[in-house]
Amino acid sequence: MPAYADMTTEELAAKRDELMREYEAIKAKGLALNMARGKPSSAQLDLSMPMLASVTTYEDCLAEDGTDCRNYGVLDGIPEAKRLMASMLDDDADHVIVFGSSSLNIMYDTMARCWSFGTLGHTPWSKLDEVKWLCPCPGYDRHFGVTEAFGFTMIPVTMTPDGPDMDEVERLVANDASVKGIWCVPKYSNPGGVTYSDEVVRRLAAMPCAAEDFRIFWDNAYGIHHLYDAPEQQDQLLDIRAACDEAGNPDRCFKFASTSKVTFPGAGISAMAASAANIADVKARMNPQVIGHDKLNQLRHVRFLRDAKGLAAHMSKHAAILRPKFELVDAKLTEALTEVGGCSWSKPRGGYFVSFDAPAGCAKRIVALAKDAGVTMTGAGATWPYKNDPADSNIRIAPSLPPVEELEATLDVFTCCVKLAYIEKLLRE
Ligand code: PMP
């Protein structure tokens, strides 16, 4: 079969009619499938059920320093939880604050502190005429939701296979003091699966910024979420805080992580790591806000996951469930779309997503066709600020939730919709 772009109008019209029959047959099945959000599957959630039974007696409720975790107190987390989260954040326990169940919540609050109070004595961002924020694209829709909620002007930055295009980033931050920060998902990025190269990490840490209070929001949500066990198949990420220290910009970064996709999303623990000055500043601002977070949950996580080794062993069980799904996505897309041409997609070694690039101008139509056929995808455009993908091309595929058989059916619908939308586009041109 020739690639669609090489077909004559007659061939394309015949192919469209054939695909339309296929599409109508799928529609008639009345499917209700979902590939929209990066949720762990039920089988993955089952892995952490023993954790719920790990803290039941009075003795279980005592932290290593004797704190009774049933009661109020301990603003920044019990020591053993700080150590556990430090291993996820690739940092030292004394640079860590353990929060509640959501890292997105910490990011929002961190932004809110910069907005209301300023960071480390700098002018509160709310007092400025404009705040601009760099958004590597495709990126995480909920990040863009946070910066949109504060009314920041979001500037898309091109993602390369090594991370954000640093020539672009350096140019944008060099002379404009209203550019206050950047979103980064530095390992197995959402959705591209990209891990930042050492050079990108070093340039982010060292680049001259017009804004003295420029901040890197380093959301290492997928830092330990490898799909493969062998170290040579896993991506390595340079530590941003060490790089910032080395470059003489120790306060530039806030690191975030959580156990949402380790144990239970919405019922895990989350944490931040940052310089000593930033940690002291954040703790001072937290003081009137909260007495302490859920220490029993911190204990449950420590008892169940123990340490870096325990975390790795647990994540390897997740990988065994997730790997076949990611391999199925690649196999199905390859089988259905390679000859068709015009499409590309990521082959991640970790994280939760496959980033799919359809021929320009097709993404919205593909997602709408899929919806009508009973398959819910992440909205087209969601991976861009203001939901505005200028090429109308990128679609985020989230294969984790459906069981394998369901995922297979979902991908059949998806590829049929991709082909149909592409042919419609070629026939219009
Ligand atoms: N950051 C990224 C990059 C994510 O993909 C997600 C969730 N899918 C989150 C943060 C949300 O994390 P949490 O549950 O800790 O709020």
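Among the listed pairs Lys29/Lys187; Lys39/Lys387; Lys27/Lys387; Lys29/Lys419, which have their C-alpha atoms separated by more than 29 angstrom in this model?
Lys29/Lys187
Between Lys29 and Tyr228, what is 0.36 nm times their sequence separation minus the Cα-Cα distance? Round to one decimal in nm.
Between Lys29 and Tyr228, full extension yields 68.1 nm more.
If you place +1 on the Cβ of every Lys and Arg and -1 on the Cβ of every Asp and Glu, how big does the dipole about the Cα centre of the chain come out, in debye to the nearest 20?
Charge dipole, the chain, about its Cα centre: 960 debye, nearest 20.
Would you mind calculating the gained length between Asn105 and Glu170 on full extension (0.36 nm times residue separation, minus the Cα-Cα distance), in nm to one decimal?
Contour length minus the Cα-Cα distance gives 20.6 nm.
How much net charge surrounds His314 when only the other residues with a Cβ under 14 Å from the Cβ of His314 are counted, with Lys and Arg +1 and Asp and Glu -1?
+3
Rounded if a/c is under 1.5, else prolate if a/b beats b/c, else oblate: with a ≥ b ≥ c from the C-alpha gyration tensor eigenvalues square-rooted, which is the chain?
Oblate is the answer for the chain, as a/c is 1.5 or above yet b/c matches or exceeds a/b.
Taking the Cα centre of the range 54-307 as origin and charging only Cβ (+1 Lys, Arg; -1 Asp, Glu), how large is the dipole, in debye to the nearest 20?
Here the size comes out at about 700 debye.
Please give the residues of the range 290-312, grouped as numeric ranges, whose backbone N is less than 15 Å from a label point set 7 Å along the Cα-to-Cβ vector of Asn71.
Inside the label zone: 292, 295-296.
Mean-square fluctuation check for the chain, GNM, Cα pairs under 10 Å: which of Thr57, Thr334, Thr67 is largest?
Top of the fluctuation ranking is Thr57.
Give the aspartates and glutamates reachable from Lys347 as a straight Cα distance under 19 Å; neighbours fewer than 8 places away on the same chain don't count.
In chain and number order, the partners are Asp162, Asp229, Glu232, Asp235, Glu327, Asp330, Glu335, Glu339, Asp357, Glu408, Asp412.
Along the charge dipole of the chain, Cβ charges K/R +1 and D/E -1, which of Ala230, Met111, Pro136 sits furthest on the positive end?
Met111
Under the Kirkwood approximation for Rh and a Cα-based Rg, what ratio Rg/Rh is obtained for the range 331-372?
Rounded to two decimals, Rg over Rh is 0.99.
Can you tell me, using C-alpha contacts under 8 Å and at least 6 residues apart, the relative contact order of the chain as a whole percent?
26 percent
Would you mind checking the pairs Lys82/Lys255; Lys332/Lys425; Lys255/Lys283; Lys364/Lys425 and listing those with alpha carbons more than 20 angstrom apart?
Lys332/Lys425
On a 0 to 90 degree scale, rounded to 10, what angle separates helix 295-305 from the longest Cα axis of the chain?
Helix 295-305 and the main axis of the chain meet at about 60 degrees.
Assuming 0.36 nm per residue, please report the length gained on full extension of the stretch Glu22 to Gln289 beyond their Cα-Cα distance.
Computed gain between Glu22 and Gln289 is 90.4 nm.
For the range 382-429, what D do you get in µm² per second when you plug the Kirkwood radius from alpha-carbon pairs into Stokes-Einstein at 20 °C and 1.002 mPa s?
Rounded to a whole number, D works out at 168 µm²/s.
Longest segment of the chain with no chymotrypsin sites (Phe, Trp or Tyr not before Pro) in a DSSP loop having at most 10 other Cβ atoms within 10 Å?
So the longest stretch without any such site is 73-429.
Would you mind working out the magnitude of the charge dipole of the range 63-207 relative to its Cα centre, with +1 at each Lys and Arg C-beta and -1 at each Asp and Glu C-beta, to the nearest 20 Debye?
Approximately 340 debye in magnitude.
Are there any GluC sites (Glu not before Pro) in the range 20-101 that are in a DSSP loop and have at most 12 other Cβ atoms within 10 Å? List them by number.
Glu64
List the trypsin sites (Lys or Arg not before Pro) within the range 52-132 that DSSP assigns to loop and that have no more than 13 neighbouring Cβ atoms inside 10 Å.
Those that pass, being in a loop and sparsely packed, are Arg70.
Against the globular-protein guess of 2.2 N^0.38 Å, express the Cα radius of gyration of the range 54-307 as a ratio, rounded to two decimals.
1.00
Suppose only helical runs count, i.e. DSSP H with n ≥ 4. What mean residue ellipticity at 222 nm does that imply for the chain under -39500 (n - 2.57) per run, divided by all residues and rounded to the nearest 500 deg cm²/dmol?
Calculated from helices alone, the mean residue ellipticity at 222 nm is -12500 deg cm²/dmol.
Taking the chain as a Gaussian network, where each spring joins two C-alpha atoms under 10 Å apart, which residue of Pro164, Pro191, Pro390 fluctuates the most?
Pro390
Every read-out reported here was derived from the displayed coordinates using simple, explicitly stated rules and does not represent laboratory data. From a predicted model like this one, the values you see are computed outputs, not experimental measurements. Cβ atoms come from the backbone with ideal geometry, glycine included; neighbour counts cover every protein chain shown.
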